[in-house]
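Asker: Starting off with a structure, shown below.
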Amino acid sequence: MDFRFTEEQLLIQDVARRIAREKIAPSAEHFDRSGEFPLENIRTLGENGLMGIEVPAEYGGAGMDPVSYVLAMVEIAAADAAHSTIMSVNNSLFCNGILTHGTEAQKQKYVRAIAEGKEIGAFALTEPQSGSDATAMRCRAVKQADGRFVINGKKSWITSGPVAKYIVLFAMSEPDKGARGITAFVVDTDKAGFSRGKTEPKLGIRASATCEIEFVDYVAEADEVLGEEGHGFKIAMGVLDAGRIGIASQAIGIARAAYEATLAYVKERKAFGQPIGTFQMTQAKIADMKCKLDASLLLTLRAAWLKGQGQRFTTEAAVAKLTASEAAMWIAHQAVQIHAGMGYSKEMPIERYFRDAKITEIYEGTSEIQRLVIARHETGLR
Ligand code: CAA
Ligand code: FAD
């Protein structure tokens, strides 16, 4: 076992850390308050290869491995979680899906602009009545005699929906076949038949724009079909395996930021004539934060390493996402408690970490769904 990172991995971590410190951290509070989409910062991430980290250079990406992706995501998320949400969807849900299942023409057409950060990508699985139970979708794609599909239906909670140029979309093409009747598409939001609802006001990751989208007689050409017809659900699940590594990394970044701020605070803040970090109750919290943070990082790197080796990593990604998201929520909670009044104030970023951490337990499969995936695998029972 080799716990050292390669020079290339350290290099991309360094690039991400520099942008995080110089551009993202100073503007994080502004974007959190305003809820504006941080387009200029996203372009900077794209120009530096961070919007397509695992995308080969021939399609406009950085051509790096999944471990590099984890390292870069952690740095960006530590500066601002909302930026890392946009980054994660572009990298692991959009580019990864098309690279794995797309034709050469689709890779050329869709991946480059997204990997370079010139356009934004999105991923649309959830519907108003179906989140965890994703196969209960109602969005319909009806195949025509000429091979085109006519799509009708709504998708909800679509990250980057308000700004995306292209969206990987899942729709039911043969309802009587259930999960095997779902087909994936790459749709163009400039085409007729596509529209957006209002941007959702949210508890956290406020600069990551989220909305409902609707398709009314949207005509998808045959070359907008991603992968084989009827294979859409497996495509979605496989893409989400990779996505969960991204969300685990995001959770680690938020948790690390909360932990580092707490480490500084317990040394400087005094009560009863001594630094609060000298109290054993505070020290126990610090020790537990450190253990949860390290465990989350190691489990996430394990899942990323397996992905890089071309091995199945479904369970390991769920273990990483579950552990890291619950650790982030716990660490952010303790960080607020240790900062007490200042933890509750908008003068410090601690309350933002607390609000941002929560989403990692919800999207890309709730904690209950990660437990379901892990337990089904371990027991073989359903
Ligand atoms: N890889 C490949 N195939 C998979 C798979 C995987 N990880 N998981 C399941 N499949 C296949 C199964 O083998 C099965 O195939 P067959 O029909 O050939 O047997 C098929 O998919 C159906 O699988 P299940 O019977 O296990 O399906 P299910 O209905 O019981 O659902 C579930 C399983 C894990 C609960 C799934 O519905 C799920 O993950 N739900 C959560 C949805 C989710 O994560 N949504 C995220 C939306 S995107 C997002 O949130 C983005 C963001 O915030 C930024
Ligand atoms: P539900 O599925 O209704 O679940 C409600 C509760 O029941 C949860 O606690 C859940 O864990 C529990 N539950 C459900 N089934 C089970 C079970 N079998 N066993 C035990 N408990 C269960 N989706 C996209 O497709 N694309 C996106 O870009 C996207 N971005 C998002 C961004 C944000 C900010 C948010 C909030 C959501 C986003 N989503 C996106 C949707 C997200 O993936 C869903 O919210 C999530 O999968 C949960 O679905 P739901 O909200 O419908 O909850």
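No value in this document is a laboratory result; all are computed from the given coordinates. Everything numeric in this text was worked out from a predicted model, so none of it was measured. Cβ sites come from the backbone with ideal geometry, for glycine too, and all protein chains shown count toward neighbours.
Asker: Over what distance in Å are the Cα centres of region 147-185 and region 1-33 separated?
Answerer: Taking the Cα centre of region 1-33 as reference, the centre of region 147-185 is 33 Å away.
Asker: Let me ask something additional. Which of the lysines could a cross-linker span from Lys118 if the Cα-Cα distance has to be under 21 Å and same-chain partners fewer than 8 positions apart are dropped?
Answerer: Straight-distance partners of Lys118: Lys23, Lys107, Lys109, Lys165, Lys191.
Asker: Oh, and also: If eta is 1.567 mPa s and T is 4 °C, what Stokes-Einstein diffusion coefficient results for the chain, Kirkwood Rh from Cα pairs, in µm²/s? Provide the component values of the computation, followed by the final result.
Answerer: Working: Rh = 21.1 Å.
Once the numbers are plugged in, D ends up at 61 µm²/s.
Asker: Assuming 0.36 nm per residue, please report the length gained on full extension of the stretch Ala295 to Leu263 beyond their Cα-Cα distance. Intermediate results must be reported in sequence, preceding the final value.
Answerer: Details: separation 32, 0.36 × 32 = 11.52 nm, distance 1.82 nm.
So the chain would gain 9.7 nm between Ala295 and Leu263.
Asker: Which of Pro349, Gln337, Gly232 sits farthest toward the positive end of the charge dipole of the chain, with +1 on the Cβ of Lys and Arg and -1 on the Cβ of Asp and Glu?
Answerer: Farthest along the dipole direction, towards plus: Gln337.
Asker: Next question, about the same structure. Sorted by average packing, counted as other Cβ atoms within 10 angstrom per residue and highest first, what order do 58-65, 198-205, 279-286 take?
Answerer: Numbers: 58-65: 20.4, 198-205: 16.1, 279-286: 13.6.
Answer by packing, highest mean first, reads 58-65, 198-205, 279-286.
Asker: Take region 340-382, drop everything but the C-alpha atoms, weight them equally and run the Debye formula without solvent; then report log10 I(q)/I(0) at 0.24, 0.31, 0.32 Å⁻¹ to two decimals.
Answerer: -0.77, -0.95, -0.98
Asker: How big is region 1-123 in terms of Cα radius of gyration and Dmax, in angstroms?
Answerer: Values for region 1-123 (Cα only, Rg and Dmax): 14.1, 46 Å.
Asker: Using alpha-carbon pairs under 8 Å, 6+ residues apart, how would you state the relative contact order of the chain in percent? Intermediate values should be presented prior to the final figure.
Answerer: Working: 762 pairs, mean separation 61.4, N = 382.
It rounds to 16 percent for the chain.
Asker: Suppose only helical runs count, i.e. DSSP H with n ≥ 4. What mean residue ellipticity at 222 nm does that imply for the chain under -39500 (n - 2.57) per run, divided by all residues and rounded to the nearest 500 deg cm²/dmol? Walk me through the intermediate numbers first.
Answerer: On the way: 13 runs with 183 residues, N = 382.
Mean residue ellipticity, 222 nm, calculated: -15500 deg cm²/dmol.
Asker: Are there any helices in the chain, counted as whole DSSP H runs, that stretch 30 Å or more along their axis by Cα and score at least 0.5 on average by Kyte-Doolittle, and if so which? Show your work: numbers first, answer last.
Answerer: Working: long enough: 232-268 (54 Å, 0.61); 280-308 (42 Å, 0.17); 314-339 (37 Å, 0.36).
Span-like helices in the chain: 232-268.
Asker: Using only the Cα atoms of region 175-264, build the gyration tensor, take square roots of its eigenvalues as a ≥ b ≥ c, and label the shape rounded, prolate or oblate: rounded if a/c is under 1.5, else prolate if a/b is larger than b/c, else oblate. Show your work: numbers first, answer last.
Answerer: On the way: a/c = 3.24, a/b = 1.73, b/c = 1.87.
Because a/c hits 1.5 or more and a/b fails to exceed b/c, region 175-264 counts as oblate.
Asker: Here is a follow-up. For the pair Glu36 and Met342, how long in nm is the line joining their label points, each one 7 Å along Cα→Cβ?
Answerer: The answer from the label model is 2.9 nm.
Asker: Tell me which of Ala81, Ala261, Gln311 sits at the most positive position along the dipole axis of the chain, charges placed on C-beta atoms (Lys, Arg +1; Asp, Glu -1).
Answerer: Farthest along the dipole direction, towards plus: Ala261.
Asker: Now, a different point. Taking the Cα atoms of region 1-47, what is the range of coordinates along each of the three principal axes, in descending order and whole Å?
Answerer: Computed over region 1-47, the largest-to-smallest principal extents equal 46, 20, 16 Å.
Asker: Something else about it: Kirkwood Rh and Cα-based Rg: tell me the resulting Rg over Rh for region 239-382, rounded to two decimals.
Answerer: Numbers: Rg = 16.8 Å, Rh = 15.8 Å.
That ratio is 1.06, to two decimals.
Asker: Sticking with this structure for a sec: What are the radius of gyration and Dmax of region 110-185, computed over its Cα atoms and given in Å?
Answerer: Cα-based Rg and Dmax for region 110-185 come out at 13.5, 40 Å.
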